[in-house]
Amino acid sequence: MSDLAYKLKKAFELVDQSAFPQKPLQVVMIPSIPEPGQPQFGFANVVDANEGAYFLYIGGLEQYIAAGREFCIHTMLESDDPMFDPMYRKGFAYFTEEETLMAVSCHEVRHRVQFHLRVELLNRGHTDQIPRCRQWGELQDRHYKNVSGGNLEFDAKFFEFYGANELRRNRFDDIEKIGRVLRMGPQQVLTRERKMLKK
């Protein structure tokens, strides 16, 4: 197992345990490259919350993660953030490797939260109420509008970016915070955002 595959497995385990401390799931490592059209990793859902698993295809993982880091957090991070390198002051910030691993872990664990905790999903109406997420939500809404299960993916994608953002801002200083964020419904997210604006 490569160092990157090991780190990704540990990230999945950490994030899953933070959201489901009593019922962590197994992370299954598959040594091959995924078939065309098959995801590199994901959450295999079953009805019983004690079952299911996360799967990671580790063949080609380095190339997949390298490409993933090219994606930007756009409008999820304030453009005048002093943590930005000057070249990123226009509202774009490339993922670090650690942020990429956090992002994909948050995405898949949020899928487990969706199925097993039956939380209300975030949608465009919610992201429109968060100034730094408005443009992001608009773009994602267009992308997932005609996709089967697009509402699930929109919600999980929000927590993917939100997780990377929280990590960047050092707001995940203990494991319980990750789980609390991933278990939030829309109103909790909106309340949290309003509190952040007042700080």
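The values are calculated or read from the model by the stated rules, or taken from the named source; none is laboratory data. The structure displayed is predicted, hence computed values, not measured ones. In this analysis, Cβ positions are derived from the backbone assuming ideal geometry, glycine residues included, and neighbour counts consider all displayed protein chains.
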Q: Please determine, by comparing only the residues of segment 1-23 that are among the aromatic types (Phe, Trp, Tyr) and part of a helix (DSSP H, G or I), which one is surrounded by the fewest Cβ atoms within 10 Å (Cβ to Cβ).
A: Tyr6
(Q) Of the conditions (1) at pLDDT below 90; (2) closer than 19 Å to Arg183 by Cβ; (3) touching a strand residue (DSSP E or B) at 6+ places or on another chain (Cβ under 8 Å), Val104 satisfies every one except a single condition; which number is it? (A) (1)
Q) Looking at segment 125-152, which of the residues that are within 16 Å of the chain's Cα centre (by Cα) and hydrophobic (A, V, I, L, M, F, W, C) is surrounded by the fewest Cβ atoms within 10 Å (Cβ to Cβ)? A) Leu152
**Q.** Considering residues of segment 170-189 that are in a helix (DSSP H, G or I) and surrounded by fewer than 16 Cβ atoms within 10 Å (Cβ to Cβ) only, the residue farthest from the chain's Cα centre (by Cα)
**A.** Gln187
Q: Confirm whether Lys157 is within 26 Å of Phe12 (Cβ to Cβ), surrounded by 19 or more Cβ atoms within 10 Å (Cβ to Cβ) and either charged (D, E, K, R) or free of Cβ contacts under 8 Å to residues at least 60 places away in the same chain (or both).
A: yes
(Q) On the basis of being within 24 Å of Ala11 (Cα to Cα) and surrounded by fewer than 16 Cβ atoms within 10 Å (Cβ to Cβ), does Glu98 make the cut? (A) yes
Q. When you go through Leu167, Leu122 one by one, which is the residue that is surrounded by 14 or more Cβ atoms within 10 Å (Cβ to Cβ), under 21 Å from Ser18 (Cβ atoms), in contact with a helix residue (DSSP H, G or I) (Cβ under 6 Å, 6 or more places away or on another chain) and modelled with pLDDT of 85 or more?
A. Leu122
(Q) For segment 136-157, give me the residue count where each residue is in contact with a helix residue (DSSP H, G or I) (Cβ under 7 Å, 6 or more places away or on another chain), at pLDDT 90 or above and not basic (Lys, Arg). (A) 6
Q) Before we move on, is Glu70 at pLDDT below 95 and either among the β-branched types (Val, Ile, Thr) or within 24 Å of Asp174 (Cα to Cα) (or both)? A) no
Q. Out of curiosity, is Arg192 touching a residue at least 40 places away in the same chain (Cβ under 8 Å) and more than 12 Å from the chain's Cα centre (by Cα)?
A. no
(Q) If I filter segment 153-163 for residues that are farther than 26 Å from Lys195 by Cβ and either within 17 Å of the chain's Cα centre (by Cα) or not in a helix (DSSP H, G or I) (or both), do I get at least one hit? (A) yes
Q | Those residues of segment 24-36 which are part of a loop (DSSP other than H, G, I, E, B) and in contact with an Asp or Glu (Cβ under 9 Å, 6 or more places away or on another chain), in sequence order | A | Pro24, Leu25
